[in-house]
Every structure is written in C-alpha cells, then in structure tokens.
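Peer 1: Let me begin by handing over the structure; questions about it come next.
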C-alpha cells in the first residue's frame, strides 16, 4: 500500500512523496513522484541520487519540475538506500544508509536490507505500474554521481525496460573509485565477479551497443573528477562502438548548481528518445 | 572586507555567498549573490527570505538562477537575522536568530544586534555599490512570507532607492499576525508607533501611491493564509488607490514548491519596470 506523505503543487502538477513497505529491502521506503497535470500514458523517468542523499535532494534543488511539467513526464526519485533505526549503518558516509550503490548486498548484515538493485529495477517499476497509468514502455533512467552509476548499471542490465539512459557526473568504476571502496568490501567482500556484475566499465564490454547513445555531463571543475573514472568509461565505450555523448561543462562543480544548470538538457535528451 | 565563502557556477554565472563584518548588526553576516556572466550596469534584485531561513534557502530551492542568468540580473539574498553563539536567541522560531523581521529592535538585549532594517536598506546597498559595478538605479526588492513583509516595508520607506516591489505569500500585518507577536513584544515592547513604522498596512496609508504597482502572489491552499492578512492589505491598497496585482494561485501552498513555480513571473515583473 502506498501512503502519500507529501503532496505539494508545483508548476501545475504535484510533487509527491510516497511511503510504502518494501519487500526487497525489508523495511519502509520512500520515493518522490512528480505528477504533471496530464498523466495518462506519459513517459516515466527514474532519477537516482548520489551518496548521502535521500528522495528530497533532487526534488528540492534541481528545479526539474518546470521541465517535467512542460513536457508532461512523470519523474520518480527514490531514496538511495533502506532507512531506519533497525537498519545496518556505519559512520562512513560511503557505506550503509545513504550509500546503497543500487546493488544487492551479499554479505551479512547488509544483505538483509540493502537490496537496492532489486528495489529499483523490479519492485519499484511494479509499484508504479500497479498504481499509475503512465506509459509502460516509455521509460528512461538517469542520475547524479552514485546515482549516475546506478542509472548506467540498471540500464545496461535491463535494456528491455529502460529505453534511454543519461548521467550527471557519474561514478563509473566500482573497482577503482574511493567512493565505492567501503561498500564493495562490506556488501561483496570484494568479490571481483560480483563487483563486475554492477561495474559500468565491465558491463559496457558485456552489453555493448544496447543503447544507441549514452549521454554524460560533468563539470570541468568537478572536485571529485579524479574519483569518477569517466574518461575510462568513455574510452571503453569508444572501443566497443557504444556511442556516447560526453560533455565537459566549463567551470561547473559536482554540486546541485551543476545539476540544476543541465537538468533541462537531460530531460530533453530522454524525451527525444522516448517520444518516438 | 568581503570574503567569498561559496562560489559555484550556475547557469553560466556564479552563485556566490559572501561573509563580512556588519556594522549595523555588530556581528559577522552572510549574503548570497547571483552574478550573471554579464554584470556591468545590470539591474539588482534583493530577495528577502522567510522565518527560520538563512541565505541558503532561496538559492538552493527557488530555481531563480535560470531567469537571473537569462535576463542578466544580479540577485542578492541576505540572511534573515544576525547569527552566532554570542547573539541573542530564543527557543521560539518566531523570535531571535532566523526571525529578524527586517526591523531595528529597540529593546535590550535585541537592540545590540537585531538591526536588520538598517542592514538591508543602508549597509548592504552600500557594500554592493562599493564592491560591484551593477546599476545604481535599477534596484528592486521582493521576498517570501516574513521576507515579503520585509520587501514591502523596505520599499515603501525607501521609494527613492527601490524602483519595484513584489512579494510571495507576504505577512502583511505586524499588529495582527501570530508570526510577529513574540518579535513585536521583544523587539519593541509592543510600542504601537514603532510597530506602525514598519507595518505594511499602516505604511500604505502614509506612503500611498509611491509605486505604480505592487505585485503579490499567494497559494489558494497556503496553510498560513489566515495569519498573513493579505486581504487586509489589498483592501487598504484599494482604499488609497495604490494599484496592486494580486494573484491567488489555485492549489499552491506556502512552501518553496510555490515559490519555484512563480519566481519567473516575479523576476519578469521587476525586469519590466527596471528596464525602462
């Protein structure tokens, strides 16, 4: 059952937050939904957020609602991990609550609740399909930082469901990025095959050319650029003929001022693919 | 001296936050400045925020940067009060830090630091003029909730400096609003003449027709509407032939989802007056 916990009018539509019991994560989860004023059979975009974020950051700071309203697109922004006092956590921002990495954890105690991959790619789509009458085929996914990683891995592994994918300043290597180190150690005991099964660079080799294009933006002054490994990702895309639209944005950082500046471009990118 | 504490590229310009020693408030103050990519002799808008806010809320949540960038307008968003461990405060959200009400307090201990009226209308304009080369005549002011009150009172009392004024869901009565009760008691010992010297409804009587128009937006579902006394303000404007553009926006609340939905309209309203 879905409970509405927030419902605020925004650009003629409604910015909502829903709460529900998640089977995948074995806890209560929240996700945000922007509902334009027309919503039958419209395209759906999933936006995945970065480390330390919950479902609020994107809906409060990106200003996407203006474009979702104008173009009549439903936008779903899930939380980044399970939450609650009874859920495992750590003092490290890169592990536990707020740091789900959109994977299914295999190691105790994380495997009890940190099943974000199943939540994002299976449970949440089913909930959306059962409760709303959006298009069941015009589906795209995008995200920021850890959420950019999530968008790419979910899309590459489910190219029958997601028809378009883009990312803002995505983490592109689960093997090399310092951001992922604690998570990979704790969720997977550093199992290389498990990491490979979610690693964008490895997935591109396995699933080459499943999307006509992948669109990536990053700020030239992104303070975490050295830890994102986007150049490695672009290189591997080129080597397997996966087309990529890669834009380095002069002067921008890693933050939501960067996201707000280019969110229109991302929404229009998805719309152009999904409207066909 | 102005110190830059934040500098993030946003929509081709920069969203900055400055820190400086304030003579009026006798403490360190922060204000936000959006600087478009062209900034010589451009219009300047001051945006005043509501209760509990600081300089961050508007710059993170309203999405105004897109329009300030497009129209080449400098936008200054000051903090709502003095701040710091040594500054008087209370447990009440409506009194002390975060609740300056844009007045000069007269009673101890508040009068030592809570001189927001002088800060906004005298000190900050001087700082802007000395440090930037924006237009010195194309100046407008607007705000939300307590900041809408601030914008109206500052504009009516300084119509030689501010050329345009608008407000989103403004508190319009310092005498009647529950939001202002503790502040008026503590800052002014409930002195009726002092309150009148800042009260929008009283000021309209004193300064009638100093602006060709005053533009006000409010959501029809504003949960605080009964405590804003906007209808009283509109009525007194009508009675003294102060033209007012008053729009009740169907379904919107008091929050930043309301602000983000109509911020473009407010910026365009000011621009149309200031460009002449």
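Peer 1: Going by a ≥ b ≥ c, the root eigenvalues of the Cα gyration tensor, does the protein assembly as shown fall in the rounded group (a/c under 1.5), the prolate group (a/b larger than b/c) or the oblate group?
Peer 2: Working: a/c = 1.98, a/b = 1.96, b/c = 1.01.
Prolate shape, in that a/c is at least 1.5 and a/b is the bigger ratio.
Peer 1: OK, next. Set the Förster distance to 56 Å, then compute FRET efficiency between residue A:106 and residue B:213 from the Cβ-Cβ distance, nearest 0.05.
Peer 2: Values: r = 64 Å, r/R0 = 1.15.
FRET efficiency, residue A:106 to residue B:213: 0.30.
Peer 1: If you don't mind, another one. Residue B:238 label points, 7 Å along Cα→Cβ, one per copy: pairwise distances from this copy to the rest in nm, shortest first?
Peer 2: Here residue B:238 shows inter-copy label distances of 6.8 nm.
Peer 1: Based only on other Cβ atoms within 10 Å, what is the fewest-to-most ordering of A:27, B:237? Intermediate results must be reported in sequence, preceding the final value.
Peer 2: Values: A:27 16, B:237 23.
Ascending Cβ contact count within 10 Å gives the list A:27, B:237.
Peer 1: Apply 1/(1 + (r/R0)^6) to the Cβ-Cβ distance of residue A:4 and residue A:240, taking R0 = 41 Å, and write down the FRET efficiency to the nearest 0.05.
Peer 2: Numbers: r = 44 Å, r/R0 = 1.07.
E between residue A:4 and residue A:240, to the nearest 0.05, is 0.40.
Peer 1: For the rotation taking A to B, I'd like to know which residue in chain A has the C-beta closest to the axis, plus that distance in Å.
Peer 2: A:63, 2
Peer 1: By its C-alpha gyration tensor, with a ≥ b ≥ c as the square roots of the eigenvalues, how is region A:201-269 shaped: rounded for a/c under 1.5, else prolate for a/b larger than b/c, else oblate?
Peer 2: Details: a/c = 2.72, a/b = 1.54, b/c = 1.76.
Because a/c hits 1.5 or more and a/b fails to exceed b/c, region A:201-269 counts as oblate.
Peer 1: If the label for residue B:92 sits 7 angstrom from Cα along the Cα-to-Cβ line, what are its distances to the same label in every other copy, in nm to one decimal, shortest first?
Peer 2: 4.8
Peer 1: Continuing with the same structure: Say each of residue B:193 and residue A:221 gets a label point 7 Å from the Cα, pointing the same way as Cα to Cβ; how far apart are those two points in nm?
Peer 2: Placing both labels 7 Å beyond Cα along the Cβ direction yields 5.2 nm.
Peer 1: Sum -39500 (n - 2.57) across every DSSP H segment of at least 4 residues in chain B, then divide by the residue count to get the 222 nm mean residue ellipticity, nearest 500. It would help to have the intermediate numbers written out before the result.
Peer 2: On the way: 9 runs with 85 residues, N = 276.
Counting only the DSSP helices, I get -9000 deg cm²/dmol.
Peer 1: Same structure again: Could you check which residue among A:222, A:232, A:89 shows the biggest mean-square fluctuation in a GNM of chain A with a 10 Å Cα cutoff?
Peer 2: For chain A, modelled as a Gaussian network with Cα springs under 10 Å, the answer is A:232.
Peer 1: When chain B is modelled as a GNM with alpha-carbon springs shorter than 10 Å, which of B:234, B:165, B:103 fluctuates the most?
Peer 2: B:234
Peer 1: Classify region B:3-274 as rounded, prolate or oblate, taking a ≥ b ≥ c as the square roots of the eigenvalues of its Cα gyration tensor: rounded when a/c is under 1.5, otherwise prolate if a/b is larger than b/c and oblate if not. Walk me through the numbers on the way to the answer.
Peer 2: Details: a/c = 1.45, a/b = 1.10, b/c = 1.32.
It comes out rounded by the Cα gyration axes.
Peer 1: Sticking with this one: Taking every residue in A:258-271, how many Cβ atoms of other protein chains lie within 10 Å of its Cβ, on average?
Peer 2: Values: counts 3, 1, 7, 10, 1, 2, 1, 0, 0, 0, 0, 0, 0, 0.
Across A:258-271, the average partner-chain Cβ count within 10 Å equals 2.
Peer 1: Along Cα-to-Cβ, 7 Å out, sits the label point; list in nm, shortest first, how far the one on residue B:193 is from those in the other copies.
Peer 2: In nanometres, ordered from closest: 8.7.
Each value in this text was obtained by applying a stated rule to the coordinates, not by laboratory testing. Just so you know, these numbers come straight off a predicted model, no measurement behind them. Note: ideal-geometry Cβ built from the backbone for every residue, glycine included; neighbour counts use all protein chains shown.
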